[in-house]
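Below is one structure, written out as structure tokens; the observations come after it.
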Amino acid sequence: MRPDTAVNFWPVVFGLIYVAEAAMIGDQCDWTGSGLSSAPERGVTPVYLRCRAGTVSWVYPRGALRLLVRPPLPASERDFRVCLRVVRRPDPPDFFADLQFHYNETAERFPARIFVEGARKLVPLYAPDDGDPRELRCFRSRRGRAALYVEAEPEEGTQRRMATFMYEARPLITRHYDPATADCRPCSDSELELAYCTSDLVSRVTIVGSEQREDLDSTQLTLRLDKVLRATVSEVTTDELARDHDYYRYEGDNSISEQVDERNRTSGADHQFAHVHVWSGCGASAGGGEFVVMARRRLGRLALVCAPRLEEWRQLAAQRAQDQDAHCTLDA
């Protein structure tokens, strides 16, 4: 469906929602389904997403999906912003041993078009041929609700196709600290402590490079991990770690440095490196000195939350240790 025909097509959408005889209805954070199980090719499958973040994976897409996004937000934070990241290639490793590491996986065509439901029409959000290289697209809710219409492209041949995207819903206005919204401003002492205790990766680092990522609308910082202080990321088995020496994921807290050191000794690597993303509007770049980077996983990538200089963090950690009122064990 071309964008200029979206308005004409809109009146029949709600009728088609009830036509899909074999529709799979989700009511969760993530949804996975197959177009092969939908009866009519132009049928619409309703999906209800009631979390702040999740993933939608549509195998052999046919017809369309109507996604209703209703995150669990307080009444005072009724309106929210939704960001989607269209997944066109696997994510690179979290950590890697070669500073010259480049992940050159070929991007595949996303086999669907995405529209935002407006008051009386569908507003184009993403199309494979819209000329916009960004894989990240955002929009605002309307009167506390947001709905997306995802239309599959026509099938060509019998090859396996998958339309996968990640979503994240965040309130427009918050009355409490949300690390995910502190994109550019410096963190206060209390925010630094909370970020340390809740981030997916905390490490003493040296920033050794920066690169503008137009596809993700971000600046990608390359960090040398001088000492990993804590990390909580996706579960990976020991066998998976053994198969790929450049792919490191850990489950524990405050014991990661020993694992990294052991991996370095066995692999012959002097350091580990990682990519952390910052919104491109922040103007982040490589700089001298050592920092304590606190990063949280957002839309599949590690995003910067706070990055105090090491001396500043040591002073705060020492003061919290003296006061004995820290939320968790602070290390440097």
Residue pairs qualifying under the 6 Å Cβ cut-off, at least six apart or on distinct chains, with the first in region 209-222 being modelled with pLDDT of 85 or more and the second being of a type in the set (Lys, Arg) and in a strand (DSSP E or B), are GLN220/ARG213
Taking region 163-187 and the residues there that are at pLDDT 70 or above and touching a Ser or Thr at 6+ places or on another chain (Cβ under 7 Å), the one that is surrounded by the most Cβ atoms within 10 Å (Cβ to Cβ) would be MET166
Note on region 131-157: residues among the acidic types (Asp, Glu), in contact (Cβ under 8 Å) with a residue 12 or more places away in the chain and part of a loop (DSSP other than H, G, I, E, B) are GLU135, GLU153, GLU155
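How many residues does region 188-217 contain that are among the acidic types (Asp, Glu), surrounded by fewer than 15 Cβ atoms within 10 Å (Cβ to Cβ) and in a helix (DSSP H, G or I)? Before you say what the answer is, go through the steps one by one.
Step one: of region 188-217, the residues among the acidic types (Asp, Glu) are 189, 191, 193, 200, 211, 214-215, 217.
Those left that are additionally surrounded by fewer than 15 Cβ atoms within 10 Å (Cβ to Cβ): 189, 211, 214.
From what's left, in a helix (DSSP H, G or I): 189.
Final tally of qualifying residues: 1.
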Selection from region 121-162 of residues among the aliphatic types (A, V, I, L, M) and open to solvent by 30 Å² or more (accessible area, probe 1.4 Å) yields VAL123, LEU136, MET162
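Please count how many residues of region 321-331 are in contact with a helix residue (DSSP H, G or I) (Cβ under 8 Å, 6 or more places away or on another chain) and either polar (S, T, N, Q) or closer than 23 Å to ASP226 by Cα (or both). First the steps, then the outcome.
Of region 321-331, the ones in contact with a helix residue (DSSP H, G or I) (Cβ under 8 Å, 6 or more places away or on another chain) are 326-328, 330-331.
Still in the running and either polar (S, T, N, Q) or closer than 23 Å to ASP226 by Cα (or both): 328, 330-331.
Counting residues in region 321-331 that are in contact with a helix residue (DSSP H, G or I) (Cβ under 8 Å, 6 or more places away or on another chain) and either polar (S, T, N, Q) or closer than 23 Å to ASP226 by Cα (or both) gives 3.
The values are calculated or read from the model by the stated rules, or taken from the named source; none is laboratory data. Every value quoted in this text rests on a predicted model; they were computed, and no experiment measured them. Don't worry about glycine lacking a Cβ; one is built from the backbone with ideal geometry, like all the others, and counts go over all protein chains shown. Calculation scope for accessible area: heavy atoms of the full protein, side chains included, ligands and nucleic acids excluded. Shrake-Rupley method; radii C 1.70, N 1.55, O 1.52, S 1.80 Å.
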